[in-house]
Every structure is written in C-alpha cells, then in structure tokens.
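Asker: The structure's right below; bear with me while I get my questions together.
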Amino acid sequence: MTYMINKIEANASKSIQTITKTDANNLNTKITKQKEMLKSIANQITKDNDINEEKIFDLYERSDITSNFIRMGIMYENGYTITNDGYEVDYSEEKDNFFSSSRIGLSENRESKINGEEINIYSKVVEINKEKVAILLIVDTDSYKDIFSNQIFEGEGFSYIVNKDGNIVVNGNEKFDTKKIMDIIQSNIGQKIKIVDIDGSKYYIAREDIGINNWSIVSFIQSKIIAGEINKALLITFILVIAVILVILSISGYILVINMKKRKNYSSAEKEIEKNMKKALKNNEFVVYYQPKIYAKTEKIYGSEALVRWKKDNKIIMPNIFIPIFEKNKFILKLDLYIFEKVCMDMKEWKEKYGIDIIISVNVSREHFTEKNFINKYVQIASNYGIDTNKIDLEITESATIDSRINIAKIMEEIKKYGFLISIDDFGTGYSSLSILHDMPIDILKIDKSFVDQIGKKDNIIENILSIAKKFKLKTIAEGVETKNQKDYLTKEGCDILQGYYCSKPLSKAEFEKFINEKN
Ligand code: C2E
Ligand code: CA
Ligand code: CA
C-alpha cells in the first residue's frame, strides 16, 4: 500500500508539473497568435501609401480579430493616443516604452486609463505618412485565464502568470493575499517543483517558463487534495475488484445462456433432421460422392470411397451434420444400405458402359454390428446387381473394434466369409490393441488424416504404423493427403495407396466418371 501511496504522490507531483507545462505551452501559443494578428495589421498599414487613422481603425474593425481584443489604439510619438472606440488618452510619460523597439511588444498588466480595467497592451511601431506611430492592441488581462487548466484536480488547484521578478501578471486565484503569494513565488523563483506552507496548509507548487516576456506559470495544489486522490485511488481499486468479479460472473452467465441456447438450437436442428430424413430417403435427396484412391507409386487409380451427401433445397448437407444423429436414432441402418445399393447400381453401370471394375469402399456404421445377420443384406444387394463382393471394401472405424456391445472378431469372420474386403478406418485414433491386426481378417489399414498432417513435424509416428502394417501384410491407405510433400514422403515410406485432396476431392458420379476415364 505504501508503494501505491508513494506512487500516487509521485504521480501527483508529476501531473501538476505536466499541467503547468501544458498551460505554459497554451499561453505561449495564445500570445504568439495575438502578436501575429498585430503583425498582419501592421503589414497592411505600411503597404498602404495613402493610410490614415480612419482607414486603420476600419482595417481593425472589419478584421476577424476583434474578439481577441478590447480595442485598438494609435499612439503618436508624443504619447497622444486615440482609440477606435473614440477615446483619447495621454501616454506621454511612458511613450518611450512603446517606441523603444521595432519588434512587437507586450506590456505587463496595467490599469486601463479609460476605465481602470486590468489590461495588457501589444504594440508595434509603424510609419504612416513618414511619421512614426505605435499601433496598439489592448487585451483584457483576465482573458489569459482561459488557458489555466481549471480541471487541475477537479478545480482544486490554481495558477498564476508571473513575470521574471515574480510579480503576478495574471492572478488565477483571488482567495489568497496576492502579496503573500508573490513572496512565496519570489522566494522559490528558481525551483520547478516545491512543497510550501500557506496559511497552515501544505501546497505543492510547480513553475514553468512560457518563453515570452520572461513570464512563467506557477501552479499550486494543496497536498490534502493529493491525500484525497489517494483515498479515491483506494476506492477505485476496491471498485475495480468488485467490477472484475461482476464481469467474470456475467461472462460465466452469458456462456451458460449461450450453451443452453446452443443445446436448444442443436436439439431443434436435430429434430428438423429427424423430421425430414425419411422423406429425404424417398425423394432421393441422399446422393453418393466418390473420392478417388490412387496407387502411391504409379498414381494410377486404385478405387474410390463412397461418401454420402444430403442435397436439400439446392444445398448440400455434409455427413458430419446428420450421420451422428442417424447413428443415434438408427436411421443409419437404412441409409447405409441405401447408399450401398446406389454404389452397386453405379458399379454395374460402369462395368457395362466402360468395362471399369474397380474397388469401391463404403462406410459401414458400427450400428449394423448389433443387428443379427446384418451382412446378409449386403450380400443380397451385391448379388442383385451382379457385383463381385471382392470388389467391395467395407470401411469399419477402428473405434468400432473396441465397442463392448460387439464381438467384432466374429463379425469380421462373417464378412470375410462372403468375400468382402475389410478396411480399418481412422486407424491410429481408436486406441485399439494392435492384436486386432493379428487376430482379425483385415485387408487394409486406413491411416487417419491426423497422422498425415504430422508429416514434416517432429514426433511423427507414421513410419511406425506403416512398418507394423507391413509386418501384418496389410495394405496401407493414407487419408487426407493434401500436399505433394506428404505424397512424396508416404510413397518413400512404402504407403501403398493415397486418398485426399492432393489427388481429388470427393466427386459427383458424373465428375468421377470423367475422372476415371481421363486417368485410364
Ligand atoms: P471418413 O470415412 O473418414 O471419410 C473421409 C472424410 O475426409 C470425408 O469427409 C472426406 O471428404 C474427407 N477428406 C478426404 N480427403 C480429404 C483431405 O485431403 N483433406 C480433408 N480435410 N478432408 C478430406 P466427409 O465426406 O465429410 O465424411 C465425413 C465422415 O462421414 C466420413 O469420414 C464417414 O465417417 C462419415 N460418412 C460419410 N459417408 C457415410 C456413409 O455413407 N455411411 C456412414 N456410416 N458414414 C459415412
Ligand atoms: Ca471412411
Ligand atoms: Ca477416415
């Protein structure tokens, strides 16, 4: 806490210095601008060969600088002065002050001879009709107070403009005895920042030169205010802590609501899918896309994987949206068979039309494996279209092999009995025991995309998977091959077959036909 208090005190003295400096800069700018105004009028006067008092006052009155000044005066060399608002004043006893320099002067504050107001006078000597006159622009001294940052510690600070002797030029605070303040200022004239005592209270004072007329700005701030700042800072810290807690609470609440909404949206999306699925099947909205698989070494076509798409109202819904729902409600049993039948139809057509007889794989959801004699249906469909089962590869995910509801070894034996090929899909993600490779009649290992993605990075275990597969005499397919680099690496490491965007994305039936006809 002391650290914080010290810091606040340091900040307070720093900020009073900063404020004073800013005021000094602003005052400099204001005076410089007003001097420029006089200079500009003086220029116009000297340029005019036929100038007279009336024209000079006219120049002033028609300019846009009048709001800066109370009035304009023309002083003759004897001190006789006439103003634009009709006053005549005698400055004979101090005329020399105005005529001694050809530069623009700014007087210290003085009482107006016209009405006793406190004023300052800008002056510039010019020649009219071969006669020297001083052009005067008179400002209200109080107008300099504009530049004081009244907001210093919420108006609790105050400032003075003082001249080089420490006399007050502009008094920003009438509350104190001016004489006393001048004494303080004069006795601390060389100091930039100081703590002083006024009427028993401690004040910080800061001084900053304005760079004109040897004037400077002196600002005062009571140290009590700084103590108040300290209390305020402590209060702010407390409020901040509470605010942070509230923010955290409301964010958690928000997340909760969003999650609830998501869940609700999800379940309503799910309901929508379930409502439409049967009709969709009837209306042939489910269509088969084929993703080519190529031999790594020759890049010739090996076969393809059939992937379902749902074409609904000219939009394509991807399988990761609906397959999990269909697995839950068992509609997948119908869909997989439907897709399988479409694949068989296509294979028959390709064989007859183009003599193409390649291996097509279909995804078989694990939900089939709890159905009695599920494979009979596959056998029946294949035979209906005259398709050789050894041209059909059934993709079973590795995770299905560890499903406790299923005797996977028995099921695979059954599948094999009818001659289908078996692929283990997403291999490497299912945490199965490697013994499945040995104990079960598997033909092909499909190495999951996540391992292909690791190629070129450290800790890549793809070589190990490939060498194990070789040991068990299994064919290997790498899925999700996207780059030439991955293709080259996999080929070098002895992977047999490649599937992925590098070769081709999944294609519609027509696109796939074009693809194989071009490749062959
Ligand atoms: P999957 O069996 O692992 O199929 C491979 C998925 O990877 C496909 O996604 C395919 O489009 C995508 N893919 C292929 N090459 C690349 C590549 O280079 N980069 C990337 N990023 N992705 C690639 P898709 O078609 O969206 O299918 C998703 C999943 O849906 C399939 O994963 C499969 O588990 C399931 N699925 C698709 N069709 C059927 C089906 O008829 N029956 C069943 N039961 N499941 C299906
Ligand atoms: Ca698959
Ligand atoms: Ca896969």
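Asker: Being in contact with a helix residue (DSSP H, G or I) (Cβ under 8 Å, 6 or more places away or on another chain) and over 23 Å from residue 32 (Cα atoms) is the filter; apply it to the stretch 128-138 and report the residue that is least open to solvent (accessible area, probe 1.4 Å).
Answerer: Of the stretch 128-138, the ones in contact with a helix residue (DSSP H, G or I) (Cβ under 8 Å, 6 or more places away or on another chain) are 128, 132, 134-137.
Right, trim to over 23 Å from residue 32 (Cα atoms) and you get 128, 132.
Working: 128: 8, 132: 92 Å².
Once the filter is applied, the top-ranked residue is 128.
Asker: In the list 103, 71, 110, which residue meets the criterion of being open to solvent by 60 Å² or more (accessible area, probe 1.4 Å) and within 22 Å of residue 32 (Cα to Cα)?
Answerer: Numbers: 71 fails: open to solvent by 60 Å² or more (accessible area, probe 1.4 Å); 110 fails: open to solvent by 60 Å² or more (accessible area, probe 1.4 Å).
After applying the criteria, what remains is 103.
Asker: What's the total number of residues in the stretch 55-68 that are open to solvent by less than 70 Å² (accessible area, probe 1.4 Å) and either within 20 Å of residue 98 (Cα to Cα) or part of a loop (DSSP other than H, G, I, E, B) (or both)? Spell out the reasoning first.
Answerer: Of all residues in the stretch 55-68, those open to solvent by less than 70 Å² (accessible area, probe 1.4 Å) come to 56-60, 63, 65-66, 68.
From what's left, either within 20 Å of residue 98 (Cα to Cα) or part of a loop (DSSP other than H, G, I, E, B) (or both): 56-57, 60, 63, 65.
So the answer is 5.
Asker: Please find, among 282, 348, 353, the residue that is more than 16 Å from ligand 3 (Cβ to nearest atom), touching a Gly at 6+ places or on another chain (Cβ under 7 Å) and either open to solvent by 60 Å² or more (accessible area, probe 1.4 Å) or over 28 Å from residue 444 (Cβ atoms) (or both). Even if it seems obvious, please write down each step before you answer.
Answerer: Details: 282 fails: touching a Gly at 6+ places or on another chain (Cβ under 7 Å); 353 fails: touching a Gly at 6+ places or on another chain (Cβ under 7 Å).
Going through 282, 348, 353 in turn, the sole match is 348.
Asker: Does the stretch 370-397 hold any residues that are touching a strand residue (DSSP E or B) at 6+ places or on another chain (Cβ under 7 Å) and either among the small types (Gly, Ala, Ser) or at pLDDT below 95 (or both), and which are they? Full working, then the answer.
Answerer: At the first step, the residues of the stretch 370-397 found to be touching a strand residue (DSSP E or B) at 6+ places or on another chain (Cβ under 7 Å) are 382, 390-397.
Within the stretch 370-397, 382 is the sole residue that qualifies.
Asker: Applying the selection to the stretch 428-443, what residues are modelled with pLDDT of 95 or more and within 13 Å of residue 397 (Cβ to Cβ)?
Answerer: 442
Asker: Is there a residue in the stretch 168-176 that is over 17 Å from residue 23 (Cα atoms) and at pLDDT 80 or above?
Answerer: Going through the stretch 168-176, the residues over 17 Å from residue 23 (Cα atoms) turn out to be 174-176.
With the extra rule that they be at pLDDT 80 or above, the set shrinks to none.
Looking through the stretch 168-176, none of the residues is over 17 Å from residue 23 (Cα atoms) and at pLDDT 80 or above.
Asker: Considering each of 433, 450, 423, 404 in turn, give the residue that is open to solvent by 10 Å² or more (accessible area, probe 1.4 Å), among the polar types (S, T, N, Q) and within 16 Å of ligand 2 (Cβ to nearest atom).
Answerer: Values: 433 fails: within 16 Å of ligand 2 (Cβ to nearest atom); 423 fails: open to solvent by 10 Å² or more (accessible area, probe 1.4 Å); 404 fails: within 16 Å of ligand 2 (Cβ to nearest atom).
Checking each option against the conditions leaves just 450.
Asker: Additional query: Report, by residue number, each residue of the stretch 27-45 that is in contact (Cβ under 8 Å) with a residue 60 or more places away in the chain and either of a type in the set (Val, Ile, Thr) or touching a Ser or Thr at 6+ places or on another chain (Cβ under 6 Å) (or both).
Answerer: We begin by selecting, within the stretch 27-45, every residue in contact (Cβ under 8 Å) with a residue 60 or more places away in the chain; these are 27-28, 30-32, 34-35, 37-39, 41-42, 45.
If the condition is that a residue be in contact (Cβ under 8 Å) with a residue 60 or more places away in the chain and either of a type in the set (Val, Ile, Thr) or touching a Ser or Thr at 6+ places or on another chain (Cβ under 6 Å) (or both), then 31, 32, 41, 45 are the ones that fit.
Asker: List every residue pair whose Cβ atoms sit under 8 Å apart, with the two residues 6 or more apart in sequence or on different chains, where the first one lies in the stretch 400-414 and is within 14 Å of residue 368 (Cβ to Cβ) and the second, anywhere, is of a type in the set (D, E, K, R).
Answerer: Once the first residue is within 14 Å of residue 368 (Cβ to Cβ) and sits in the stretch 400-414, its partners that are of a type in the set (D, E, K, R) give 400/366; 403/366; 406/366.
Asker: Let me ask something else about it. Answer yes or no as to whether residue 436 is of a type in the set (Val, Ile, Thr) and away from ligand 1 (no atom under 16 Å from the Cβ).
Answerer: On the way: of a type in the set (Val, Ile, Thr): yes; away from ligand 1 (no atom under 16 Å from the Cβ): yes.
It is true that residue 436 is of a type in the set (Val, Ile, Thr) and away from ligand 1 (no atom under 16 Å from the Cβ).
Asker: How about the stretch 276-317: which strands (runs of 3 or more DSSP E) wholly inside it have at least 2 residues that are within 16 Å of residue 344 (Cα to Cα), in the same structural domain as residue 489 (by TED's automatic domain parsing) and of a type in the set (A, V, I, L, M, F, W, C)? Please lay out each step first, then the result.
Answerer: Working: elements: 286-295, 301-312, 315-317.
Per the criteria, 286-295, 301-312.
Asker: Take residue 473 and decide whether it is open to solvent by 70 Å² or more (accessible area, probe 1.4 Å) and away from ligand 3 (no atom under 15 Å from the Cβ). Write out each step before concluding.
Answerer: Working: open to solvent by 70 Å² or more (accessible area, probe 1.4 Å): yes; away from ligand 3 (no atom under 15 Å from the Cβ): yes.
Yes; evaluated as a whole, the condition is true for this residue.
Asker: Just the residues that are surrounded by 13 or more Cβ atoms within 10 Å (Cβ to Cβ) and either of a type in the set (S, T, N, Q) or under 19 Å from residue 287 (Cβ atoms) (or both), please, taken from the stretch 356-375.
Answerer: Passing the criteria: 360, 361, 362, 363, 364, 365, 370.
Asker: Can you report the number of residues in the stretch 457-510 which are free of Cβ contacts under 8 Å to residues at least 24 places away in the same chain, under 28 Å from residue 339 (Cβ atoms) and part of a helix (DSSP H, G or I)?
Answerer: Here the count works out to 1.
The values are calculated or read from the model by the stated rules, or taken from the named source; none is laboratory data. Computed from a prediction, not measured in an experiment: that's the story for all the values here. All Cβ positions, even for glycine, are placed from backbone atoms using ideal geometry, and neighbour counts span all protein chains on display. Only protein heavy atoms, including side chains, enter the accessible area calculation; ligands, DNA and RNA are left aside. Shrake-Rupley method; radii C 1.70, N 1.55, O 1.52, S 1.80 Å.
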